[in-house]
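Chemist: First the structure, then my questions, so here it is.
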There are 2 protein chains.
Amino acid sequence: MQPIPNASLDPDDWTDLRQQGHQMLDDMFDYIEHIGQRPVWQPIPDAMRQAFDEPLPHSATPLAQAHARFMTQVLPYAAANSHPRFMGWVQGGGTPVGMLAEMLAAGLNANLGGRDQMALEVERQIVHWMRDLFGFPDTASGLFVTGSSTANLMGVLVARTRALGVNSRVTGLGNASPLVAYAASTAHSCISKAMEICGLGSQALRLIAVNAQDQIDTQALAQRIAADRAAGLLPFLLIGTAGTVNTGAIDDLAVLADIAHQEQLWFHVDGALGALGMLAPDIAPRLAGIERADSLALDFHKWGQVPYDAGFFMVRDGTSQTDTFASPAAYLTRHTRGIGAGSPWPCDLGFDLSRSFRALKTWFTLVCYGTDKIGAVISHTCALAQTMQQRLQDYPDLELMAPVALNIVCFRFRCNDADAVNAEIVADLHESGIAVPSVSSVNGHTVIRAAIVNHRTQASDIDALLGAAQALGRQRLAAQSVIAEQPTSSP
Amino acid sequence: MQPIPNASLDPDDWTDLRQQGHQMLDDMFDYIEHIGQRPVWQPIPDAMRQAFDEPLPHSATPLAQAHARFMTQVLPYAAANSHPRFMGWVQGGGTPVGMLAEMLAAGLNANLGGRDQMALEVERQIVHWMRDLFGFPDTASGLFVTGSSTANLMGVLVARTRALGVNSRVTGLGNASPLVAYAASTAHSCISKAMEICGLGSQALRLIAVNAQDQIDTQALAQRIAADRAAGLLPFLLIGTAGTVNTGAIDDLAVLADIAHQEQLWFHVDGALGALGMLAPDIAPRLAGIERADSLALDFHKWGQVPYDAGFFMVRDGTSQTDTFASPAAYLTRHTRGIGAGSPWPCDLGFDLSRSFRALKTWFTLVCYGTDKIGAVISHTCALAQTMQQRLQDYPDLELMAPVALNIVCFRFRCNDADAVNAEIVADLHESGIAVPSVSSVNGHTVIRAAIVNHRTQASDIDALLGAAQALGRQRLAAQSVIAEQPTSSP
């Protein structure tokens, strides 16, 4: 086969493409500007779903046509975490600024695995900002990743390498003393998964009981560590949570830091939900102790409102990060000039050599809104949760099910068979399009959970959720009593 | 603190934001349209680098100002893999269509960890397309990831779970029979890293010698497996490479599939570079055997020209993937209606719960260009490599250093101390802005490597690289001889 004279995927004449691109941008501005007027969610009709069960597209389709499909077949059937009445899970709302920055990143098409490029300086800028925000020293290193599931896995890996020595990368776990790690029973399931992935196994993660505030019980923790040591095991890692997904509880990080220090454990903080509370003056004091973490996971796409995905991992002692992830052969022979300079590279600090420019949308978000404003949004979501707790008193059929620690409110509709009924109410709420909370479990009870993360959410959205939850609960009870009163079917 | 009446990060008046957004889009169209007229790369001045060493931005900066910084401080100092004369590493060029699709994804701000949303149907569409393209059965499952480093790690993990049983997720590696894996000595370093991460250790990866075509020596492989079994070890995984980074070599995948079948090994193919060659009629036959892989890693951001990042992982028997990654507690209690329906979710198939909508830019790329055209681009890059091999004969000071197997050409400037001089020539080329090849090593020799991946690259770009390499080599020799002739400094 011969080279093609013009194989480029760029158009010969850019006029139509540009015009179509501007139309696409306007459509997205329209979507975001008016998102609150849409249903939060709607069921996907079967026929619509089948639109994405086609054969491999051998021939070209005009961009306008592909875009039309996006507008009619994808956009209306989104999970819509950008919507002000989405409160189902801890997910940020995104911003138009973040969208535009992501467009720039995609046009630049940078691969941030390495090399001497300014994109990496933008990423390093965010690392320095986070170092300053969390009181980490100049020796700290950091890296953008997809999200905290990956960042928490990296925390486990760095701790494992520190416990077993760098040579364990070569030898594997072998017959090393059995390592054990500690976290609250309410810690995110990705911690357990990280233990599986790294080969230690989930049973090597001790899930410690929590107190009435859903924080890890530090006495029970100390006892378990002592018992494990007595049994010949090797405690190596303590994981604190800054904001549990269920109730927003923040472990007493200062006490955990003390225990980690005394017991010589690696202290990792899962701050996926709560770490960026450092930007909010009324939340930051509750994170005291986070500045003593050995490593930290957080997500800019939650409270930071950066579009998905933008997770972040930081290590106090940067050497531990390169010791865990850098390939010495590549790392030590890096060039000193040309595009191959600029060591260390991100590929020395994590898994990936192929990495999109997540730092850019984060930089634009922090710079264009300012961190004080982001902090104010964070405070606002917590204040809304307090408002919601108060408003619940106005709804006689609803009851609060857990203390409101941060920005998450768990409640339910009072009735017989409440577990089953409340699960149905949540699905009814989804199908109504009015609001999206989620089903969760608190102290063995099925609850309706509202996680208030989105900057667009207002007090009126809270009222809409509570009003609809009560009304749909009553409808469901009424329907049940109608069924109960119906005669059995005639013969 | 009270809720703020309007905490939203959206503007009250969208006029300015819209206008600025359209300016940003036009700037990116301009950048891509005229990218060939820029230097491929230029050194970053120290003062420019320091622009990204600022304190945390507490107050807001106008978007226009942030964008101006991007245009003047970031864009000119890119690694520029979108440039037609970037041939340094195996990286795709991106497209304006991919950029626009990524903008849509960022505006939608979907999190593809789970839930019943149409974005997941788009991802499933790509899974079905890849299933068909690679001849995988209907039971195959797949997932977008950042890149093949992660996809290869997932392949190792699925193979590990299959070898040790699902309960090994709970128990860890423990005292299991020592598992060993096999790959060519030219396999990507991420395979070794995957062995480290999963706890087996890099020494459990047997790096097998290669033949003259840089393919794994299947006789040496068979001998090593037999020797390991005789030593009481447990061979569990064979990794074939479809396109090595150094020379583009493709292992004999059909023979590897036979060996894996006979030896009951998990057969994983690292197709980061070459798997999408299935779209090119003249390349596809060389991938024969890939349809028998148990799992497969590939990157759409390389030959697929999708903007970074868009890696992909696929498993023949989908049950093995959920057995490895799903949390049974969550997976088995998924809802059947409302937004919480639609199981299995991507979080059951991999690490991440936070996942951006990588499938959308991939869908737009495949649909809008058509897979025949993408295949033609792939053939074109291989034809250009053949052209380059021929043209090398016109440059008396340059010599080919490895057989051209696919789309990668390794050559060097002939001279004394060639290893050192060629490394300098590559840096000179970078600094010239004319072309970006990379330094690599073939059979112990330092070589200049050109990986032709970008759809924008033409024969004239090949000539520009070869001409500049020869000219800069001659300049460097001349400068050396001047230095040699200079008298030693006077006392």
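The values are calculated or read from the model by the stated rules, or taken from the named source; none is laboratory data. Since this is a predicted model, take the numbers as computed values, not measurements. With ideal geometry, Cβ positions are generated from the backbone for all residues, glycine too; neighbour counts draw on all protein chains shown. These area figures cover heavy atoms from the full protein model, side chains too; ligands, DNA and RNA do not enter into them. Shrake-Rupley method; radii C 1.70, N 1.55, O 1.52, S 1.80 Å.
Chemist: Is region A:95-111 home to any residue that is of a type in the set (Val, Ile, Thr), surrounded by 24 or more Cβ atoms within 10 Å (Cβ to Cβ) and free of Cβ contacts under 8 Å to residues at least 40 places away in the same chain?
Modeler: no
Chemist: Something else now. Right, B:Ala464: of a type in the set (A, V, I, L, M, F, W, C), under 27 Å from B:Gln305 (Cα atoms), in contact with a His (Cβ under 7 Å, 6 or more places away or on another chain) and at pLDDT 95 or above or not?
Modeler: On the way: of a type in the set (A, V, I, L, M, F, W, C): yes; under 27 Å from B:Gln305 (Cα atoms): yes; in contact with a His (Cβ under 7 Å, 6 or more places away or on another chain): no; at pLDDT 95 or above: yes.
So B:Ala464 fails the test.
Chemist: Is there a residue in region A:383-403 that is within 8 Å of another protein chain (Cβ to nearest Cβ) and under 23 Å from the mean Cα position of the chain (by Cα)?
Modeler: Quick first cut of region A:383-403, residues within 8 Å of another protein chain (Cβ to nearest Cβ) only: A:383-384, A:387.
Pick out the ones that are also under 23 Å from the mean Cα position of the chain (by Cα) and you get A:383-384.
Taking every residue of region A:383-403 in turn, at least one turns out to be within 8 Å of another protein chain (Cβ to nearest Cβ) and under 23 Å from the mean Cα position of the chain (by Cα).
Chemist: Further, regarding this structure: Can you tell me how many residues in region A:347-373 are touching a strand residue (DSSP E or B) at 6+ places or on another chain (Cβ under 9 Å), at the interface with chain B (Cβ under 8 Å from one of its Cβ atoms) and in a helix (DSSP H, G or I)?
Modeler: Here the count works out to 0.
Chemist: Hey, can you tell me all the residues within region B:188-246 that are of a type in the set (Lys, Arg) and open to solvent by less than 50 Å² (accessible area, probe 1.4 Å)?
Modeler: Scanning region B:188-246 gives B:Lys193, B:Arg206.
Chemist: Out of the residues in region A:40-49 that are open to solvent by 40 Å² or more (accessible area, probe 1.4 Å) and under 26 Å from the mean Cα position of the chain (by Cα), state the one that is nearest to the other protein chains (Cβ to nearest Cβ).
Modeler: In this case the residue turns out to be A:Pro43.
Chemist: Here are A:Val210, A:Val166: which of them is within 14 Å of another protein chain (Cβ to nearest Cβ) and among the β-branched types (Val, Ile, Thr)?
Modeler: Going through A:Val210, A:Val166 in turn, just one is within 14 Å of another protein chain (Cβ to nearest Cβ) and among the β-branched types (Val, Ile, Thr): A:Val166.
Chemist: Which residues, counting only those in region B:262-292, are outside any loop (DSSP other than H, G, I, E, B) and among the β-branched types (Val, Ile, Thr)?
Modeler: Scanning region B:262-292 gives B:Val269, B:Ile290.
Chemist: Could you check B:Ser343 against (1) facing another protein chain (nearest Cβ under 9 Å); (2) in contact with a His (Cβ under 9 Å, 6 or more places away or on another chain); (3) open to solvent by 40 Å² or more (accessible area, probe 1.4 Å); (4) part of a loop (DSSP other than H, G, I, E, B) and say which number it fails?
Modeler: (1)
Chemist: Would you mind stating whether A:Ile225 is out of contact with any Gly (no Cβ under 9 Å at 6 or more places or on another chain), among the β-branched types (Val, Ile, Thr) and not in a loop (DSSP other than H, G, I, E, B)?
Modeler: Spelling it out, A:Ile225 is indeed out of contact with any Gly (no Cβ under 9 Å at 6 or more places or on another chain), among the β-branched types (Val, Ile, Thr) and not in a loop (DSSP other than H, G, I, E, B).
Chemist: Under the condition of being more than 20 Å from the chain's Cα centre (by Cα) and open to solvent by less than 30 Å² (accessible area, probe 1.4 Å), which residue from region A:429-445 is nearest to the other protein chains (Cβ to nearest Cβ)?
Modeler: A:His430
Chemist: Would it be correct to say that B:Ala376 is modelled with pLDDT under 95, open to solvent by 10 Å² or more (accessible area, probe 1.4 Å) and either outside any loop (DSSP other than H, G, I, E, B) or at negative phi (or both)?
Modeler: Spelling it out, it is not the case that B:Ala376 is modelled with pLDDT under 95, open to solvent by 10 Å² or more (accessible area, probe 1.4 Å) and either outside any loop (DSSP other than H, G, I, E, B) or at negative phi (or both).
Chemist: Could you tell me how many of the residues in region A:90-117 are more than 7 Å from chain B (Cβ to nearest Cβ) and of a type in the set (Val, Ile, Thr)?
Modeler: Final tally of qualifying residues: 1.
Chemist: Counting only residues that are surrounded by fewer than 19 Cβ atoms within 10 Å (Cβ to Cβ) and either of a type outside the set (A, V, I, L, M) or closer than 10 Å to A:Val158 by Cβ (or both), how many does region A:287-321 have?
Modeler: Qualifying residue count for the region: 3.
Chemist: Give the residues of region B:80-89 that are more than 7 Å from every other protein chain (Cβ to nearest Cβ) and assigned to a loop (DSSP other than H, G, I, E, B), sorted by residue number.
Modeler: B:Ala80, B:His83, B:Pro84, B:Arg85, B:Met87, B:Trp89, listed by residue number.
Chemist: Of everything in region A:143-182 that's open to solvent by less than 10 Å² (accessible area, probe 1.4 Å) and small (Gly, Ala, Ser), which residue is nearest to B:Ser356 (Cα to Cα)?
Modeler: A:Gly147
Chemist: Quickly run through region A:405-428 and pick out the residues that are surrounded by fewer than 22 Cβ atoms within 10 Å (Cβ to Cβ), under 24 Å from the mean Cα position of the chain (by Cα) and touching a residue at least 40 places away in the same chain (Cβ under 8 Å).
Modeler: Across region A:405-428, the qualifying residue is only A:Ala405.
Chemist: Can you name the residue in region B:50-68 that is open to solvent by less than 60 Å² (accessible area, probe 1.4 Å) and under 27 Å from B:Ala427 (Cα atoms) and is also farthest from the other protein chains (Cβ to nearest Cβ) among such residues?
Modeler: B:Ala51
Chemist: Moving on to the next point. Within region A:146-175, track down each residue that is among the hydrophobic types (A, V, I, L, M, F, W, C) and in contact (Cβ under 8 Å) with a residue 40 or more places away in the chain.
Modeler: Once the filter is applied, which keeps residues that are among the hydrophobic types (A, V, I, L, M, F, W, C) and in contact (Cβ under 8 Å) with a residue 40 or more places away in the chain, region A:146-175 yields A:Ala151, A:Leu153, A:Met154, A:Val156, A:Leu157, A:Val158, A:Ala159, A:Ala163, A:Val166.
Chemist: Determine, yes or no, whether B:Tyr77 is in contact (Cβ under 8 Å) with a residue 24 or more places away in the chain, within 8 Å of another protein chain (Cβ to nearest Cβ), under 30 Å from A:Leu279 (Cβ atoms) and under 24 Å from the mean Cα position of the chain (by Cα). Quick ask: steps written out before the conclusion?
Modeler: Details: in contact (Cβ under 8 Å) with a residue 24 or more places away in the chain: yes; within 8 Å of another protein chain (Cβ to nearest Cβ): yes; under 30 Å from A:Leu279 (Cβ atoms): yes; under 24 Å from the mean Cα position of the chain (by Cα): yes.
Criteria met by B:Tyr77.
Chemist: How many of the residues in region B:293-333 are within 14 Å of chain A (Cβ to nearest Cβ), in a loop (DSSP other than H, G, I, E, B) and farther than 23 Å from A:His188 by Cβ?
Modeler: Total meeting the criteria: 11.
Chemist: In addition: From the list A:Met28, A:Met24, exactly one residue is facing chain B (nearest Cβ under 7 Å), buried (at least 16 other Cβ atoms within 10 Å of the Cβ) and touching a Pro at 6+ places or on another chain (Cβ under 9 Å). Which is it?
Modeler: Exactly one of A:Met28, A:Met24 is facing chain B (nearest Cβ under 7 Å), buried (at least 16 other Cβ atoms within 10 Å of the Cβ) and touching a Pro at 6+ places or on another chain (Cβ under 9 Å), namely A:Met28.
Chemist: Another one. Taking the stated definitions as given, is B:Ser202 without any contact (Cβ under 8 Å) to a residue 24 or more places away in the chain, at the interface with chain A (Cβ under 10 Å from one of its Cβ atoms), at negative phi and in contact with a helix residue (DSSP H, G or I) (Cβ under 9 Å, 6 or more places away or on another chain)?
Modeler: Numbers: without any contact (Cβ under 8 Å) to a residue 24 or more places away in the chain: yes; at the interface with chain A (Cβ under 10 Å from one of its Cβ atoms): yes; at negative phi: yes; in contact with a helix residue (DSSP H, G or I) (Cβ under 9 Å, 6 or more places away or on another chain): yes.
In short, yes.
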